[in-house]
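Notes follow the structure.
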Amino acid sequence: IAAKNHIMGSESETPETALARTILVVEDEKEIQDLLAHYLRKEGFYPILASDGETAILKARKEKPDLILLDILLPKADGLEVLRAIRSDESISRTPVVMLTAKGDETDRVVGLELGADDYIPKPFSPREVVARIKAILRRSRPGAREPEPATLTYRELRMDVARHEVRCQGKPVALTSKEFRILQALLSSSGRVLSRDAILSKVWGEDTHVIDRTVDVHIAKLRQKIPFLVKAIETVKDVGYKLRES
């Protein structure tokens, strides 16, 4: 990891204000954990630390952090198990999660994105890049950061309440991750028009995303799985992207 020789932040350091954005750092290597905490404090964030998967889940539920920085290789419960627990808990299911991975295997990244990770950062990494990615994700997720949308979007038996962040199909609630929700929102807002993968990435992940095109395909597959009639309703436009057939 870059910049290992920088001075680590001491335990006595405190956030600049009680309103500092909280970041749950889940990392079992203490040197890396301390380094990330130090850089986060320097940028005005308030890091909460966990060294294993079980503690991470407990702290996420208790502290309700603004974002979770999650290593994949962890004792007690690995990062993917932690991510599953987060996405299945309604109280924290929409918390942005950035995965840290030491593996070069694309499979880990794809599985993480399938489970609802917002971004991933491979090791070794620069702590400054990690902080920059965190800031970009929090900018995109803060209230008022996106263009105004209609309060309710409907399509056949599907109803999306944008303000409440709820989706119902035939009156029954559908549990979606934050990214699945925003992809569906983009499709509903552009019914009948083709959205390229790049356009979806830009709308959902932002202009400065580092996420690969395949991520969109993974999330579309999950939407079709959770809402079966979308298998035919979301049309794949070869080599371009997707469109929602006009109702």
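Below is a table of values for the structure above.
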read-out	value
Filter result (of a type in the set (A, V, I, L, M, F, W, C) and farther than 20 Å from residue 126 by Cα) within the stretch 49-81	50, 56, 57, 58, 60, 74, 77, 80
Test: residue in the stretch 235-245 that is under 16 Å from the mean Cα position of the chain (by Cα) and over 19 Å from residue 93 (Cβ atoms)	no
Qualifying residues in the stretch 157-194 (those that are of a type in the set (Lys, Arg) and within 16 Å of the chain's Cα centre (by Cα)) - the one least open to solvent (accessible area, probe 1.4 Å)	179
Matching option when the condition is within 15 Å of the chain's Cα centre (by Cα), at pLDDT 90 or above and open to solvent by 20 Å² or more (accessible area, probe 1.4 Å), among 66, 78	66
Considering residues of the stretch 17-52 that are in contact with an Asp or Glu (Cβ under 6 Å, 6 or more places away or on another chain) and assigned to a helix (DSSP H, G or I) only, the residue farthest from residue 117 (Cα to Cα)	41
Close pairs (8 angstrom Cβ cut-off, 6 or more residues apart or separate chains): closer than 12 Å to residue 79 by Cβ in the stretch 112-124, open to solvent by 10 Å² or more (accessible area, probe 1.4 Å) and in a strand (DSSP E or B) anywhere	112/120
Residues of the stretch 147-202 satisfying the condition of being on the phi > 0 side of the Ramachandran plot and free of Cβ contacts under 8 Å to residues at least 24 places away in the same chain	170, 171
Close pairs (9 angstrom Cβ cut-off, 6 or more residues apart or separate chains): free of Cβ contacts under 8 Å to residues at least 24 places away in the same chain and within 17 Å of residue 87 (Cβ to Cβ) in the stretch 54-65, in a helix (DSSP H, G or I) and open to solvent by less than 40 Å² (accessible area, probe 1.4 Å) anywhere	54/82
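The values are calculated or read from the model by the stated rules, or taken from the named source; none is laboratory data. Keep in mind that what you see is a predicted model, and the values were worked out from it rather than measured. Virtual Cβ from ideal backbone geometry, glycine too; neighbours counted across all protein chains shown. Heads up: the accessible areas ignore ligands, DNA and RNA and are worked out on the full protein's heavy atoms, side chains in. Shrake-Rupley method; radii C 1.70, N 1.55, O 1.52, S 1.80 Å.
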